[in-house]
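**Student:** First the structure, then my questions, so here it is.
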Amino acid sequence: MADTIEITVNGERHSVEADAATPLLYVLSDNLGLKGARFGCGLAQCGACSVLVDGREIRSCVTPVGTLTGAKITTAEGLSAANGNPHPLQEELIAAQAPQCGYCYGGMMVKAAELLATNPNPSRDEIVAHMDGHICRCGTYPRLLTAIEKAAARMRGNA
Ligand code: FES
Ligand code: FES
């Protein structure tokens, strides 16, 4: 029997009918229609399904939705500003033409946003270390790293 679970996603509260053990990823996609987090490995190994929970990245494919009552969940769709303007990171990723098939980028974006929220001036090594564990089968890593650096500079007001 389904449970009624209250979750807050991208600033909106939702009451969803789901078994508490259901991975958050399925609830985001099937109950809320949010497709930014994607199913890759289903084993917490690739990062395609990543979202932020209270500002920290988690793998939604292995996180039971029932553990998230009261938490603030942010998906790639929720990174935009309240007025709809894209996050600087999103703009720089587009400018760099970083996403190719784009499948991994919902997770890549939230992971990079997590970094920039706490470290406004990360070194290349810090970015590489932070993004470790996010797999891109299209091999877009060089453009990804450049876009993160440019977004950081813009957010500091240096570009
Ligand atoms: S689908 Fe969740 S980490 Fe790969
Ligand atoms: S852009 Fe295709 S998997 Fe990353």
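**Student:** Most mobile of 55, 33, 42 per a Gaussian network model of the chain (Cα springs, under 10 Å)?
**Tutor:** Answer for the Gaussian network model of the chain: 33.
**Student:** Please work out the C-alpha center-to-center distance from region 22-47 to region 77-147 and express it in whole Å.
**Tutor:** 18
**Student:** Helix 105-118 against the longest principal axis of the chain: what's the angle in degrees, Cα atoms only, rounded to the nearest 10?
**Tutor:** 70
**Student:** Then there is this: Using Cα-Cα distances under 8 Å and only pairs 6 or more residues apart, what relative contact order does the chain have, in percent?
**Tutor:** Worked out over the chain, it gives 23 percent.
**Student:** Let me ask something additional. Give me the number: length gained by fully extending residue 128 to residue 43, i.e. 0.36 nm times residue separation minus the C-alpha to C-alpha distance, one decimal in nm.
**Tutor:** 28.4 nm
**Student:** Would you work out the charge dipole size for region 89-146 about its Cα centre, treating the Cβ of every Lys and Arg as +1 and the Cβ of every Asp and Glu as -1, and quote it to the nearest 20 debye?
**Tutor:** On the way: 4 positive and 6 negative charges, 41 e Å.
Once rounded to the nearest 20, the dipole reads 200 debye.
**Student:** So, counting K/R as plus one and D/E as minus one, what does the shell of residues with Cβ under 13 Å around residue 1 add up to?
**Tutor:** Net of charged neighbours comes to -3.
**Student:** I would also like to ask the following. Once you have all Cα-Cα distances for region 88-155, histogram them in 10 Å bins from zero and send the whole-percent values.
**Tutor:** Histogramming region 88-155 at 10 Å steps yields 23, 63, 14 percent.
**Student:** What value, in deg cm²/dmol to 500, does the helix sum -39500 (n - 2.57) over DSSP H runs of n ≥ 4 give at 222 nm once divided by the residues of the chain?
**Tutor:** Rounded to the nearest 500, it is -8500 deg cm²/dmol.
**Student:** Run through every distinct alpha carbon pair of the chain and return the Kirkwood hydrodynamic radius in angstroms, one decimal place.
**Tutor:** Radius from the Kirkwood sum: 15.9 Å.
**Student:** About the Cα centre, and with charges only on the beta carbon of Lys, Arg (+1) and Asp, Glu (-1), how big is the dipole of the chain? Nearest 20 debye, please. Kindly include the intermediate steps, with their values, before the conclusion.
**Tutor:** Details: 13 positive and 16 negative charges, 101 e Å.
Dipole of the chain, to the nearest 20 debye: 480 debye.
**Student:** How large is ³J(HN,Hα), in whole Hz, for each residue of region 43-56 in order, when computed from phi with the Karplus curve 6.51 cos²θ - 1.76 cosθ + 1.60 and θ = phi - 60°, using x for Gly and Pro?
**Tutor:** Couplings: 10, 6, 10, 10, x, 5, 9, 5, 9, 9, 10, 6, x, 10 Hz.
**Student:** Taking 0.36 nm per residue of sequence separation and subtracting the Cα-Cα distance, how much length would be gained by fully extending the chain between residue 21 and residue 135, in nm to one decimal?
**Tutor:** Using 0.36 nm per residue and subtracting the Cα-Cα distance, I get 38.5 nm.
**Student:** Rounded, prolate or oblate: which one fits region 58-119, using the alpha carbon gyration tensor with axes a ≥ b ≥ c (rounded when a/c is under 1.5, else prolate when a/b beats b/c, else oblate)?
**Tutor:** Prolate, because a/c is 1.5 or more and a/b exceeds b/c.
**Student:** Could you work out how far apart the two model spin labels at residue 81 and residue 13 are, taking each label as a point 7 Å from the Cα in the direction of the beta carbon, and quote it in nm?
**Tutor:** 2.8
**Student:** Around residue 17, with a cut-off of 13 angstrom between Cβ atoms, what is the net charge of the other residues, counting Lys and Arg +1 and Asp and Glu -1?
**Tutor:** Residues close to residue 17 contribute a combined charge of -4.
**Student:** With unit charges on the beta carbons (Lys and Arg positive, Asp and Glu negative) and the dipole taken about the Cα centre of the chain, which residue among 110, 65, 20 sits farthest to the positive side?
**Tutor:** Selected residue: 110.
The numbers here are math on the coordinates, done by the rules we state, and not lab data. All figures in this text were calculated on a predicted structure; none of them were measured in a lab. Cβ: placed from backbone, ideal geometry, glycine included. Neighbour counts: every protein chain shown.
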